[in-house]
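The structure under discussion appears below in the form of structure tokens.
The values are calculated or read from the model by the stated rules, or taken from the named source; none is laboratory data. Predicted model, so just to flag it, every value in this text is computed and none were measured. We place every Cβ from the backbone using ideal geometry, glycine too, and count neighbours over all the protein chains shown. What goes into the accessible areas is simple: the full protein's heavy atoms, side chains included, and nothing from ligands, DNA or RNA. Shrake-Rupley method; radii C 1.70, N 1.55, O 1.52, S 1.80 Å.
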Amino acid sequence: MNVRIDHAVTSGTFSLDGETHEVDNNVWVLGDDTQCVVFDAPHDLKTVLDLVGGRECAGLLMTHSHDDHARLAPELATELEAPVLLNPADREVWQLTHGDLPWDDDVSDGDVFTVAGVEIQAIHTPGHSPGSTCYYVKDLGLLLSGDTLFQGGPGATGRSFSSRETIEDSIRERLFVLPDETVVHTGHGPQTTIGAEKENARGDWL
């Protein structure tokens, strides 16, 4: 199987609730030498385009629509001639950045996308935002977690549209049922595994 996941880091800002912070975002592109899919559209168009190269892009799979992940989505979609796919529960968050400009297609829990011969399953994990979605690639033993699960625990809550209780439920019920060896590629910071994060959570909120 000639499938790989390419990675880069981009830098920019995240703005919500009247606050703006400097952030570094991971960029993940999954595919083979001819076809790929991009997860999110953070900060730097050229970095993402360089990772894609000359490959056909089947779509932009959005983990959620905070502006650091989604600000460049319409422009990137045009450059790659690829649709933007987003869980519609994130509509209000998307509109904070893009107003009435629509995304292309909805992503629902359980949807499966086939790219370069591997299946990518959408797992709705609300909490960081209402439409937050992780993407599980069983054949490769990996999960693209966006800002739902990081090395060290759940993604940030306490802002508009977020809930600590909901994100913990999502992780407990939707992600911790995956194999412990599953590698978690996060929206920010280093990768981790499902097993490591289960251990981190024990005695705290698990």
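Observations
- Residues that are of a type outside the set (S, T, N, Q) and open to solvent by less than 10 Å² (accessible area, probe 1.4 Å), drawn from the stretch 129-141: GLY131, CYS134, TYR135, VAL137
- Residue in the stretch 75-96 that is hydroxyl-bearing (Ser, Thr, Tyr), at pLDDT 95 or above and closer than 16 Å to THR186 by Cα present: no
- A count restricted to the stretch 81-130 and to residues that are of a type in the set (Gly, Ala, Ser) and closer than 23 Å to VAL48 by Cβ stands at 6.
- Matching option when the condition is among the polar types (S, T, N, Q), touching a Ser or Thr at 6+ places or on another chain (Cβ under 6 Å) and open to solvent by 40 Å² or more (accessible area, probe 1.4 Å), among THR20, THR34: THR20
- Selection status of LEU30, more than 18 Å from THR114 (Cα to Cα) and touching a residue at least 12 places away in the same chain (Cβ under 8 Å): no
- Enumeration of residues in the stretch 2-22 that are outside any strand (DSSP E or B), within 30 Å of ALA116 (Cβ to Cβ) and either touching a helix residue (DSSP H, G or I) at 6+ places or on another chain (Cβ under 6 Å) or of a type outside the set (A, V, I, L, M) (or both): ASN2
- Unique residue being of a type in the set (Ser, Thr, Tyr), surrounded by 20 or more Cβ atoms within 10 Å (Cβ to Cβ) and not in a strand (DSSP E or B) when the list is THR63, THR97, THR78: THR63
- Some residue of the stretch 163-178 being of a type outside the set (Ser, Thr, Tyr), closer than 22 Å to ASN26 by Cα and open to solvent by 80 Å² or more (accessible area, probe 1.4 Å): no
- First in the stretch 1-26 and over 19 Å from VAL137 (Cβ atoms), second anywhere and open to solvent by 70 Å² or more (accessible area, probe 1.4 Å) and not in a strand (DSSP E or B), Cβ under 8 Å, 6 or more apart: GLY12/ARG71; LEU16/LEU96; LEU16/ARG159; ASP17/ARG159
- If only residues of the stretch 37-60 that are open to solvent by 40 Å² or more (accessible area, probe 1.4 Å) and small (Gly, Ala, Ser) are counted, the one that is farthest from the chain's Cα centre (by Cα) is GLY54.
- Of the strands (runs of 3 or more DSSP E) lying entirely inside the stretch 111-205, the ones with 1 or more residues being within 13 Å of the chain's Cα centre (by Cα) and in contact (Cβ under 8 Å) with a residue 40 or more places away in the chain are found at 118-124, 133-137, 142-146, 183-186.
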